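Some notes on the structure that comes next.
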Amino acid sequence: MIDAETMLDRILAAENLQELDSVRVALLGKQGEITARLKSLGSMDADTRAAEAPGIHALRERVTSAIADRKAALETAVLERKLATEKIDLSLPAPDTPQGTVHPVSQVMDELAEIFADLGFSVAEGPEIETQWYNFTALNMPENHPARAMQDTFYLEPQDGEEEPRVLRTHTSPVQIRTMLRDKPPIRIIVPGRTFRSDHDATHSPMFHQVEGLVIDRASHMGHLKGCLIEFCRAFFDVDDLPVRFRPSYFPFTEPSAEVDIGCSRAGGELKIGHGGDWLEILGSGMVHPKVLVNCGIDPEEYQGFAFGMGIERIAMLKYGIPDLRTFYESDLRWLRHYGFVPLDVPSMVGGLSR
Ligand code: DAH
């Protein structure tokens, strides 16, 4: 008969999980040593059994727990050996892995969000598939407005039960409506996003991006519109004394309306933003039309505000000297490497906006 100490020594001597398992089978398996002793209890007379049983049960428990301990120790050792040998050096840059760049449209959206956040605006979003009411009617664009024509707007197949077919939004302005219907003034938002028009040539793409701005409160006036947009133009183009001009214009959703031009020079056929005696149109703006406020349940006697909208590709092209709109969507890696931005170099008012 093997004594308890020998059993425990064998367990501790097992050098791997297979060896340990053989020891377990030899002791606790069907034909095992301890199993045999447990079986022998059955053939003992009652007194002997009462004397022997506690010792055999205690032995079984000691051996079982010693096996469990040894098993845990062996498993830990296996893991530690693995960790020590399979080292991965995460600090090593992978050779020849091309680094991605930030697309100029994303970069400019980040810059816009930074500038307007500094002026107290938050970023709002809305759906790209809109009803005609949000995209046109609520914005005071009448039934016969040319923008509603088939050649300008993508209409979706009419769905069952729909009064009029939905459209791919032609501008980010419907998000003005959604925001005014949802939130109580004061409102101060910008809305960057995708827009769609049935247009395709060197300066127009069927999909492009716009940013919309909206301010509604009790006391805002044309002076705030001007101050805000002058501040924006100078920060965005990074020219402190950039000339900014407001030209009377017309939009159905604003009254009065103004187009905004910035100073530039075109000497020698090269466009330069800044002083130079020439002008370049960059955005549309105006005081929100009272009818638009009423459409959104806002009392124009109590609240007023201003709005503006501009094309993101257009201002990106001007700021970063990108000559052709179509190249924005070609996904040509050489173009992206050339015009793209370093991913972790995030624009900020403190660290600098322009790259
Ligand atoms: N929605 C206009 C467009 O797509 C841009 C625009 C002009 C938006 C004036 C405005 C605004 O909010 O006030 O051309």
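The values are calculated or read from the model by the stated rules, or taken from the named source; none is laboratory data. What you are looking at is a predicted structure, and each value in this text was computed from that prediction instead of being measured. Cβ atoms come from the backbone with ideal geometry, glycine included; neighbour counts cover every protein chain shown. We work out accessible area using only protein heavy atoms, side chains counted, and drop any ligands, DNA or RNA first. Shrake-Rupley method; radii C 1.70, N 1.55, O 1.52, S 1.80 Å.
For every residue, the table says whether it meets (1) within 13 Å of the ligand (Cβ to nearest atom); (2) under 23 Å from M109 (Cβ atoms); (3) among the charged types (D, E, K, R).
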{"residue": "P158", "(1), (2), (3)": "no, no, no"}
{"residue": "E162", "(1), (2), (3)": "no, no, yes"}
{"residue": "P185", "(1), (2), (3)": "no, no, no"}
{"residue": "T195", "(1), (2), (3)": "yes, yes, no"}
{"residue": "V215", "(1), (2), (3)": "yes, yes, no"}
{"residue": "G223", "(1), (2), (3)": "no, no, no"}
{"residue": "C233", "(1), (2), (3)": "no, yes, no"}
{"residue": "F236", "(1), (2), (3)": "no, yes, no"}
>> Tell me the residue from A149, A124 that is aliphatic (A, V, I, L, M), open to solvent by less than 40 Å² (accessible area, probe 1.4 Å), out of contact with any Gly (no Cβ under 7 Å at 6 or more places or on another chain) and under 25 Å from P256 (Cβ atoms), please.
In response: A124
>> Is it the case, given these coordinates, that H204 is over 17 Å from F251 (Cβ atoms), surrounded by 20 or more Cβ atoms within 10 Å (Cβ to Cβ) and within 30 Å of the chain's Cα centre (by Cα)?
In response: no
> Quick check: anything in region 321-338 away from the ligand (no atom under 16 Å from the Cβ), part of a strand (DSSP E or B) and over 27 Å from D199 (Cβ atoms)?
Replying inline: no
> Mind checking which residues of region 78-109 are among the small types (G, A, S), under 30 Å from E330 (Cβ atoms) and loosely packed, with under 10 Cβ neighbours inside 10 Å?
Replying inline: A94
> Which residue pairs have Cβ atoms closer than 8 Å, lie 6 or more positions apart in sequence or on different chains, and pair a first residue in region 73-101 that is more than 23 Å from F341 (Cα to Cα) with a second residue that is open to solvent by less than 90 Å² (accessible area, probe 1.4 Å) and in a loop (DSSP other than H, G, I, E, B)?
Replying inline: L74/A14; L74/N16
> For region 179-238, what are the residues that are outside any helix (DSSP H, G or I) and aliphatic (A, V, I, L, M)?
Replying inline: I187, I189, I190, V191, A202, M207, V211, L214, V215, I216, A219
> Failed condition for E128, given (1) away from the ligand (no atom under 16 Å from the Cβ); (2) closer than 21 Å to F208 by Cα, with all others met?
Replying inline: (1)
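Kindly indicate whether F251 is open to solvent by less than 20 Å² (accessible area, probe 1.4 Å), within 16 Å of the ligand (Cβ to nearest atom) and not hydroxyl-bearing (S, T, Y).
Answer is no for this residue.
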> Scanning for something within 16 Å of the ligand (Cβ to nearest atom) and loosely packed, with under 14 Cβ neighbours inside 10 Å, does region 264-281 turn up at least one residue?
Replying inline: no
>> For a quick check of your reading of the model, give me the residue pairs whose first member lies in region 253-267 and is in a strand (DSSP E or B), whose second is among the polar types (S, T, N, Q), with beta-carbon atoms closer than 8 Å and at least 6 apart or on different chains.
In response: T254/S285; S257/S249; S257/S285; A258/S249; A258/S285; E259/S249; E259/S285; V260/S285
> Given the residues I115, I56, I67, which is the only one that is open to solvent by less than 40 Å² (accessible area, probe 1.4 Å), free of Cβ contacts under 8 Å to residues at least 40 places away in the same chain and not small (G, A, S)?
Replying inline: I56
> When G268 is evaluated against the numbered criteria (1) modelled with pLDDT under 95; (2) on the phi < 0 side of the Ramachandran plot, which criterion, by number, is the only one it fails?
Replying inline: (2)
> Taking region 118-136 as the region of interest, how many residues are over 20 Å from the mean Cα position of the chain (by Cα), touching a residue at least 12 places away in the same chain (Cβ under 8 Å) and not in a strand (DSSP E or B)?
Replying inline: 8
> Which pairs have Cβ atoms under 8 Å, sit 6 or more apart or on different chains, and link a residue in region 325-351 that is over 21 Å from M207 (Cβ atoms) to one that is in a helix (DSSP H, G or I) and open to solvent by 80 Å² or more (accessible area, probe 1.4 Å)?
Replying inline: M349/D118
>> When you scan region 329-346, do you find a residue that is crowded, with 21+ Cβ neighbours inside 10 Å and under 19 Å from M109 (Cβ atoms), even just one?
In response: no
> When region 164-183 is examined, which residues are found to be within 16 Å of the ligand (Cβ to nearest atom) and free of Cβ contacts under 8 Å to residues at least 60 places away in the same chain?
Replying inline: V167, L168, R169, T170, P174, V175, R178, T179
> Pick from region 298-317 the residues that are open to solvent by less than 30 Å² (accessible area, probe 1.4 Å) and in a helix (DSSP H, G or I): which of them is farthest from the ligand (Cβ to nearest atom)?
Replying inline: A316
